[in-house]
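Undergrad: Once you've had a glance at the structure underneath, I'll fire off some questions.
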Amino acid sequence: MEKQVKVIYRLSQEGQRKSLLAGGDGKQEQVIKTSITPELLEQATIFSDGDARWEVSSIFDSAKIEGVVDFTSYRSDMNDRQYAYHKPRINKTSTTINFDEPQTINSLLAFVRGKEAAMAALVAKLEAQLPDRIALWEKGVTKHKEAVKAVAQAMAEREAREKAEKDRREAEKTEWIATHGSDYLRRALALGYDCQRRYVTERAEHELSGFAVDFDDLAQWKSRSCPSEESLELVEALIKADHDAKCVWLTNSTVKPEWDDDEDDYREGFEPCEAVVIQGYIGKYDLVKII
């Protein structure tokens, strides 16, 4: 018995109606069995038992270049495999085929040849553009790697500066405590205790008497219009001594409000007033002196 090719295609609703009107079976799935030819075998799938089947169910009918050439918004931990995943390439897309007319072997072959020719022309056009897109991708990868390296270097430099500043502050702290610190503070430091709060308090009292250290960031203020003569003189002296000082209108003090058991509420106990503020004392603390 002569081997045949089974050709399968599908009709749309319109195609099914036309099939019925033409005396066909009107089924969505249409099957044609025909003699084997080289053209059909080129399209068909041959199974292990020697049967050949060509199913015209979908076909590539569009294509575009996909890929990333600008990695500006991408994460810094990209690796070469991830870069390669975004390398520009031609991506073909297919469409499900439902014919509006009953087909013959020749009409199916003509349809497929037309689609394949159009696709080949489109792919050839895209292939001509692909080298330029890949060149942009290579530049994008290089630029991103350089940016990541620059950020890492800047971060390392910043960390080195912060460490150097921390070491400098610690050395300054040790020296100050040895020279000016209380007996308690010197003994605590010798035993390895940090005592940063005590150190800042003692140093502020020694260097800037009358100023309170705002350890808990409670103080709030707004700009002060027409400061008093006393405030002006103090600010001028502090600026001359390289402190970041200014006169302000203090709206909240450095002291936490007291709890009033009778009223079951916090007791206010603070009236806004003029004050002089020093910011960045020993690198990080705010000092406040009410005038």
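Undergrad: List the pairs whose first member sits in the stretch 197-214 and is exposed (fewer than 15 other Cβ atoms within 10 Å of the Cβ), whose second member is modelled with pLDDT of 95 or more and not in a loop (DSSP other than H, G, I, E, B), and whose Cβ atoms are under 6 Å apart, counting only residues at least 6 apart or on separate chains?
TA: HIS206/HIS180; GLY210/LYS289
Undergrad: Also: Determine which member of the set ARG168, ARG133 is charged (D, E, K, R) and in contact with a strand residue (DSSP E or B) (Cβ under 8 Å, 6 or more places away or on another chain). Break it down into steps so the answer makes sense when it comes.
TA: On the way: ARG168 fails: in contact with a strand residue (DSSP E or B) (Cβ under 8 Å, 6 or more places away or on another chain).
Residue meeting the stated conditions: ARG133.
Undergrad: Out of the stretch 241-266, which residues are modelled with pLDDT under 95 and of a type in the set (A, V, I, L, M)?
TA: Listed by number, the list holds a single entry, VAL255.
Undergrad: Taking the conditions exactly as written (assigned to a strand (DSSP E or B) and not acidic (Asp, Glu)), does SER94 satisfy them or not? Steps first, please.
TA: Numbers: assigned to a strand (DSSP E or B): yes; not acidic (Asp, Glu): yes.
Spelling it out, SER94 is indeed assigned to a strand (DSSP E or B) and not acidic (Asp, Glu).
Undergrad: Could I ask something else about it? Return yes or no: is GLU274 in contact with a strand residue (DSSP E or B) (Cβ under 9 Å, 6 or more places away or on another chain), acidic (Asp, Glu) and modelled with pLDDT of 95 or more?
TA: Numbers: in contact with a strand residue (DSSP E or B) (Cβ under 9 Å, 6 or more places away or on another chain): yes; acidic (Asp, Glu): yes; modelled with pLDDT of 95 or more: yes.
Considered against the rule, which asks whether it is in contact with a strand residue (DSSP E or B) (Cβ under 9 Å, 6 or more places away or on another chain), acidic (Asp, Glu) and modelled with pLDDT of 95 or more, GLU274 comes out as yes.
Undergrad: Then there's this: What number of residues within the stretch 90-106 satisfy the criterion of being out of contact with any strand residue (DSSP E or B) (no Cβ under 9 Å at 6 or more places or on another chain) and either among the hydroxyl-bearing types (Ser, Thr, Tyr) or not assigned by TED's automatic domain parsing to the domain that holds ILE8 (or both)?
TA: From the stretch 90-106, those out of contact with any strand residue (DSSP E or B) (no Cβ under 9 Å at 6 or more places or on another chain) are 106; that's our starting set.
Now restrict to residues that are either among the hydroxyl-bearing types (Ser, Thr, Tyr) or not assigned by TED's automatic domain parsing to the domain that holds ILE8 (or both): none.
Matching residues across the stretch 90-106 total 0.
Let's see how each residue does on (1) in contact with a helix residue (DSSP H, G or I) (Cβ under 7 Å, 6 or more places away or on another chain); (2) more than 30 Å from ARG197 (Cα to Cα); (3) surrounded by 10 or more Cβ atoms within 10 Å (Cβ to Cβ):
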{"position": "VAL148", "(1), (2), (3)": "no, yes, yes"}
{"position": "GLU159", "(1), (2), (3)": "no, no, yes"}
{"position": "LYS163", "(1), (2), (3)": "no, no, yes"}
{"position": "ASP167", "(1), (2), (3)": "no, no, yes"}
{"position": "TRP176", "(1), (2), (3)": "yes, no, yes"}
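Undergrad: Given LEU238, LEU189, LEU234, LEU218, which one is within 20 Å of ASP286 (Cα to Cα), at pLDDT below 95 and aliphatic (A, V, I, L, M)? Break it down into steps so the answer makes sense when it comes.
TA: Values: LEU238 fails: at pLDDT below 95; LEU189 fails: within 20 Å of ASP286 (Cα to Cα); LEU234 fails: at pLDDT below 95.
Unique residue meeting the criteria: LEU218.
Undergrad: Scan the stretch 97-135 residue by residue and report those that are exposed (fewer than 15 other Cβ atoms within 10 Å of the Cβ) and either part of a loop (DSSP other than H, G, I, E, B) or not small (Gly, Ala, Ser) (or both). Before the answer, list the steps.
TA: Step one: of the stretch 97-135, the residues exposed (fewer than 15 other Cβ atoms within 10 Å of the Cβ) are 100-101, 104, 106-107, 110, 113-114, 116-118, 120-121, 124-125, 127-129, 131-132, 135.
Once the filter is applied, which keeps residues that are exposed (fewer than 15 other Cβ atoms within 10 Å of the Cβ) and either part of a loop (DSSP other than H, G, I, E, B) or not small (Gly, Ala, Ser) (or both), the stretch 97-135 yields ASP100, GLU101, THR104, ASN106, ARG113, GLU116, LYS125, GLU127, GLN129, PRO131, ASP132.
Undergrad: So which strands (runs of 3 or more DSSP E) stay within the stretch 161-270 end to end and still have 1 or more residues that are among the acidic types (Asp, Glu)? I'd like the intermediate steps shown before the answer.
TA: On the way: elements: 220-223, 244-252, 258-260, 265-267.
Hits in the stretch 161-270: 244-252, 258-260, 265-267.
Undergrad: Only residues in the stretch 150-167 that are closer than 16 Å to ILE282 by Cα and in contact (Cβ under 8 Å) with a residue 60 or more places away in the chain count as the first member; pair them with residues that are surrounded by 10 or more Cβ atoms within 10 Å (Cβ to Cβ) and of a type outside the set (Lys, Arg), Cβ under 9 angstrom, at least 6 apart or cross-chain, and list the lot.
TA: Here the result reads GLU165/GLY283, each pair linking the stretch 150-167 to a residue that is surrounded by 10 or more Cβ atoms within 10 Å (Cβ to Cβ) and of a type outside the set (Lys, Arg).
The values are calculated or read from the model by the stated rules, or taken from the named source; none is laboratory data. This structure is a prediction, so every number in the text was calculated from the model and none was measured. So basically every Cβ, Gly included, is an ideal-geometry build from the backbone, and we count neighbours across all protein chains shown.
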